[in-house]
Amino acid sequence: MGGKGMMMVAILCLWALSATTTEAVTEAEPGLMMNFYKDTCPQAEDIIREQVKLLYKRHKNTAFSWLRNIFHDCAVESCDASLLLDSTRRELGEKEHDRSFGLRNFRYIEEIKEALERECPGVVSCSDILVLSAREGIEAVGGPYIPLKTGRRDGLKSRTDMLESYLPDHNESISVVLDKFKSIGIDTPGLVALLGSHSVGRTHCVKLVHRLYPEVDPSLNPDHVPHMLHKCPDSIPDPKAVQYVRNDRGTPMVLDNNYYRNILDNKGLLLVDHQLAHDKRTRPIVKKMAKDQSYFFKEFTKAIQILSENNPLTGSKGEIRKQCNLANKNH
């Protein structure tokens, strides 16, 4: 074979090797995709759905927990189930931080994990359980069904030191809240839709009393104040006491656009709710969502999809935890 022929063979070999290497990398790092477990655990999403339904039947408030979980986990740098990790001797777990006050029902995530481990040991991540249980919880309380990708892997450590940077506080200005969501790709309609989660669940009195004592916030609807004072009779409530006000007295267990009508009527419980209804950047969207639930659901769906895909660990990154509250090295 001549020199040109040898060179052509070498080029072809290199091309074949390059293609094989690229294909191998692609296979090793597939990223998120729809129905990620179709071959490795075909029943995974059905098992999560059935478990969430069973738990919701027994404990209605689990639906609110699933919804809060996706926000508190995925908004903090990565959607990697770091929220679920217990505190260790070296670091405080995210769920023990002040910003996580009121989060609960983590034990039910473990029940779902155990059901999946019986079917497909070591296959389904806690991150995907957290995200898919949120989807099922949203649907259980009347929200839209949201198609979500899977294939996340679990983080190895808590991100407690980052909570203040990523999670907006209910007392922060709407500008700060908008900026924090924009940093993970959620636009203004998306933020307004996500705060529609306040249509369900409850707000603890410790988050409300500054609007009631020593003087009632004049921006609150006076017709709503007696109920709030009745539910929160102490200016310094016991944080361990279960004292709260329902976010929406009209349809407290339904994710709907009643929230927007309430905040336009100055019945929002948190300062962020009030600001949302009155800031010139968000008020037109609030008014549109108050009139059109399908628009609210459309923007809510997009926002949850973006949130759930925030900087996930995939491929060879992270791990598949054996137990959702412990990294495998601590198991």
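The values are calculated or read from the model by the stated rules, or taken from the named source; none is laboratory data. None of these values were measured; they are calculated from a predicted model. When we count neighbours, we look across all protein chains shown, and the Cβ atoms used for this are built from the backbone with ideal geometry, even at glycine. The area values use the complete protein model at the heavy-atom level, side chains included, leaving out ligands, DNA and RNA. Shrake-Rupley method; radii C 1.70, N 1.55, O 1.52, S 1.80 Å.
Counting Lys +1, Arg +1, Asp -1, Glu -1, what net charge surrounds Gly142 among other residues with beta carbon under 13 Å of its beta carbon?
On the way: positive: Lys60; negative: Glu136, Glu139, Asp248, Asp256.
Computed value for this residue: -3.
Determine how many Å³ per residue the convex hull of the Cα atoms of the range 189-230 encloses.
Details: hull volume 4.3 nm³, N = 42.
Each residue corresponds to 102 Å³ of Cα convex hull volume.
Leaving out same-chain residues fewer than 8 places away, which aspartates and glutamates sit with a Cα under 12 Å from that of Lys291?
Reachable aspartates and glutamates: Asp256.
Give the aspartates and glutamates reachable from Lys113 as a straight Cα distance under 18 Å; neighbours fewer than 8 places away on the same chain don't count.
Within reach: Glu45, Asp46, Glu50, Asp73, Asp80, Asp86, Asp128, Glu136, Asp154, Glu319.
Over the range 40-145, calculate the relative contact order: mean separation of alpha carbon pairs under 8 Å at least 6 apart, over the residue count, as a percent. Mind showing how you got there, number by number?
Details: 109 pairs, mean separation 42.9, N = 106.
Dividing the mean separation by the residue count of the range 40-145 yields 41 percent.
Please give, to one decimal in nm, the separation of the simple spin-label points placed at Ser316 and Val254, each 7 Å out from Cα toward the Cβ.
The answer from the label model is 5.2 nm.
What number comes out for accessible area per residue over the chain if the probe is 1.4 Å? Units Å², please.
On the way: 16080 Å² over 331 residues.
For the chain, the per-residue accessible area is 49 Å².
Given the convex hull of the Cα atoms of the range 79-146, what is a quarter of its surface area in nm²? Kindly include the intermediate steps, with their values, before the conclusion.
Details: hull surface 23.7 nm².
That works out to 5.9 nm².
Restricting attention to the alpha-carbon atoms of the range 114-237, what are Rg (one decimal) and Dmax (integer), both in Å?
19.2, 57
Gain in length, Arg58 to Asp161, computed as 0.36 nm per residue apart minus the alpha-carbon separation, to one decimal in nm? Display every interim value, and only then the final one.
On the way: separation 103, 0.36 × 103 = 37.08 nm, distance 3.50 nm.
Difference between extended and current length: 33.6 nm.
When the C-alpha atoms of the range 38-94 are aligned to their principal axes, what extent does each axis show, in angstrom, from largest down?
Ordered largest first, the range 38-94 gives principal extents of 36, 32, 22 Å.
Once the chain is represented by equal point scatterers at the alpha-carbon sites, with solvent omitted, what log10 I(q)/I(0) does the Debye formula produce at q = 0.08, 0.12 Å⁻¹?
-0.42, -0.85
Nearest 10 degrees is fine. How inclined is helix 3-28 to the longest principal axis of the chain, computing both from alpha carbons?
30 degrees
Report, largest value first, the span of the C-alpha coordinates of the range 218-262 along each principal axis, in whole Å.
Result for the range 218-262: principal-axis Cα extents of 32, 25, 13 Å.
Run a plain Debye calculation on the range 180-274 (Cα atoms as equal point scatterers, no solvent) and give log10 I(q)/I(0) at q = 0.16 Å⁻¹, rounded to two decimals, same order as the q list.
Taken in order of the listed q values, log10 I(q)/I(0) reads -0.68.
Report the local net charge at Cys74: Lys and Arg +1, Asp and Glu -1, summed over other residues whose C-beta lies under 10 Å from its C-beta.
Details: positive: Arg152; negative: Asp73, Glu77, Asp80, Glu309.
Spelling it out: positives minus negatives among the neighbours equals -3.
For the range 272-331, what does the equivalent ellipsoid look like in terms of its semi-axes, each the square root of 5 times an eigenvalue of the Cα gyration tensor, given largest first in whole Å? List each step's numbers first, then the result.
Details: eigenvalues 299, 38, 22 Å².
Equivalent-ellipsoid dimensions as semi-axes: 39, 14, 10 Å.
With angles folded into 0 to 90 degrees, how steeply does helix 44-58 sit against the dominant principal axis of the chain? Use alpha carbons for both and round to 10.
Roughly 20 degrees between the two axes.
Quickly estimate the mean residue ellipticity at 222 nm for the chain, helices only: each DSSP H run with n ≥ 4 gives -39500 (n - 2.57), and the total goes over all residues, rounded to 500.
Working: 13 runs with 150 residues, N = 331.
For the chain, the value works out to -14000 deg cm²/dmol.
What distance in nm separates the simple spin-label points at Arg90 and Asp234, each placed 7 Å from Cα in the Cβ direction?
3.9 nm
Quick check: pseudo-label points 7 Å beyond the Cα along Cα→Cβ at Asp39 and Val216, how many nm apart are they?
Between Asp39 and Val216, the simple spin-label model gives 6.4 nm.
Using only alpha carbon positions, build the gyration tensor of the range 53-173, then give the equivalent ellipsoid semi-axes as the square roots of 5 times its eigenvalues, largest first, whole angstrom. Please report the intermediate quantities before stating the final value.
Numbers: eigenvalues 101, 67, 38 Å².
One finds semi-axes of 23, 18, 14 Å for the range 53-173.
Taking Lys288 as the anchor, which aspartates and glutamates have their alpha carbon closer than 13 Å to its alpha carbon, excluding any fewer than eight residues away along the same chain?
Counting by Cα, and skipping residues close in sequence, Lys288 has these aspartates and glutamates nearby: Glu299.
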